[in-house]
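Please read the structure below before turning to the comments.
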There are 2 protein chains.
Amino acid sequence: MISKKTKYALKALGYLAEHSVGDPILISELAKEENIPRKFLEAILVALRKGGVLKSKIGKGGGYMLALPPANITIGKIVSILEGGFALVECLNDNVKGVCEECGDPACCGIRLVMSDVKKAIDSVLESTTLADMVEKSDTARQHKSKIMDFSI
Amino acid sequence: MISKKTKYALKALGYLAEHSVGDPILISELAKEENIPRKFLEAILVALRKGGVLKSKIGKGGGYMLALPPANITIGKIVSILEGGFALVECLNDNVKGVCEECGDPACCGIRLVMSDVKKAIDSVLESTTLADMVEKSDTARQHKSKIMDFSI
DNA sequence: CATAAACCTACCTATCCTATAGAGATAGGT
DNA sequence: ACCTATCTCTATAGGATAGGTAGGTTTATG
């Protein structure tokens, strides 16, 4: 289950992907528009900046911008920054600080072997879906819906 | 990330799948052999019984048995019992108690749309992998390893 | 009836998630 | 030079959840 932190991050990044035309957007604007607690968002944006997804401009006229085009930012990258990887067991995450205590021998642990397959499945989706895809999916769904609405009127 | 509870469940079920020849196995045996805190395991086994994966026999000579053949118990079922589903966002879980507060309109929420794809990917693995598969994977890996060991001696 | 088991209810504790506060650093405009 | 709008950093607090524990109760066997 992804945390609220990650959801907020995705919402904020989605907003940036849609509205940023090169100039920085304020934390307060993001917080207001996407309904995210201001101070909490601050911490999230810092993490994303350190993760290389965002750039910031300090001082008057400052704010946040995407560091890359939306099509080059994968959802996996974002989840990874905020959740520290998206494996279902610790011992499969990138920042591997050792083995699970549970699986005596990682090479033979059935749980690990199964979860490794799951991780591959998750990876294949999250690494191939970008911020641009997410925004587009949302737009398409919205248009499709409004078309149905028109039709029903 | 799956909880320790789920890992313990998988270990205990794996043990049952390998050692149960029809007669019940004691909680204490499971706890000892798989290195799981006795009382904690108790609660897990109750959940699995209520979930229809285990049968129990009360009283002297009692214990736990699988309620189905290992090949008919999917890992997905187990995870689902102990984690309450394996979606990455609440609003995609089966026991759907409403919508995420975050996605205003679930039909158009980009996060939901992406996570729905992820859930499908996870499902396809977890629903198609059974307890029997897990045990077999583990055995195969162990055999493979011991073969390499033999070879190196 | 004695004993061996699962069953049930309640509880405790540490950690993490979410959120907030406030002072500090930096840049722009005048 | 100064004021102001920003991001930046550190610290903190409440609540939820995970992990684990305790002790008594019920049920079956012999």
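Things worth noting here:
- The average projected area of the protein assembly as shown, computed from the convex hull of its Cα atoms over all directions, is 21.2 nm².
- Surface composition of the stretch B:29-153: carbon and sulfur make up 56 percent of the accessible area, probe 1.4 Å.
- Spatial offset of the stretch B:1-66 relative to the stretch A:6-24 amounts to 47 Å, using the alpha carbon center of each.
- CD proxy at 222 nm, helix term only [per DSSP H run n ≥ 4: -39500 (n - 2.57); per residue of chain B; nearest 500]: -18000 deg cm²/dmol
- Accessible-area value, residue B:123, 1.4 Å probe, nucleic acids and ligands omitted, Å²: 40
- Choice from A:32, A:120, A:60 with maximal GNM fluctuation in chain A (Cα, 10 Å cutoff): A:60
- Cα gyration tensor, chain B - rounded (a/c under 1.5), prolate or oblate: oblate
- Of A:110, A:76, A:14, the residue with the greatest mean-square motion in the GNM of chain A, using alpha carbon springs below 10 Å, is A:110.
- Summed residue charge, Cβ within 12 Å of residue A:112's Cβ, Lys/Arg positive, Asp/Glu negative: 0
- Inter-chain neighbour count for B:123-135: the average number of beta-carbon atoms from partner chains within 10 Å of each residue's beta-carbon is 3.
- Electrostatic bookkeeping for residue A:42 treats Lys and Arg as +1 and Asp and Glu as -1; over the other residues with beta carbon under 14 Å from its beta carbon, the sum is +4.
- Within chain A, the cysteines lacking any other cysteine Cβ closer than 4.7 Å to their own Cβ are A:108.
- These residues, A:101, B:18, go from largest to smallest accessible area, 1.4 Å probe, as A:101, B:18.
- Convex hull per residue volume in Å³, alpha carbons only, for the stretch A:1-78: 86
- Within the protein assembly as shown: Cβ-based charge dipole about Cα centre, in debye rounded to nearest 20 (Lys, Arg +1; Asp, Glu -1): 700
- Proximal lysines to residue B:32, defined as alpha-carbon separation beneath 17 angstrom and excluding residues fewer than eight positions away on the same chain: B:4, B:5, B:7, B:11
- Accessible area buried at the A-B interface, both sides summed, 1.4 Å probe (Å², nearest 100): 3500
- Across the identical copies, how the residue B:142 labels are spaced - nm, sorted shortest first, 7 Å along Cα→Cβ: 5.5
- Where chain B is carried onto chain A by rotation, the Cβ closest to that axis, with its residue and distance in Å, is B:121, 2.
- Mean accessible surface per residue for the stretch A:9-153, computed with a 1.4 Å probe while every protein chain stays in place, in Å²: 52
- Distances in nm from residue A:117 to the matching label points in the other copies, shortest first (labels 7 Å along Cα to Cβ): 2.3
The values are calculated or read from the model by the stated rules, or taken from the named source; none is laboratory data. All values derive from a computational prediction rather than experimental measurement. As a convention, Cβ positions derive from the backbone with ideal geometry for all residues, glycine included, and neighbour counts pool all protein chains shown. Heavy atoms of the whole protein, side chains included, go into the accessibility calculation; ligands, DNA and RNA do not. Shrake-Rupley method; radii C 1.70, N 1.55, O 1.52, S 1.80 Å.
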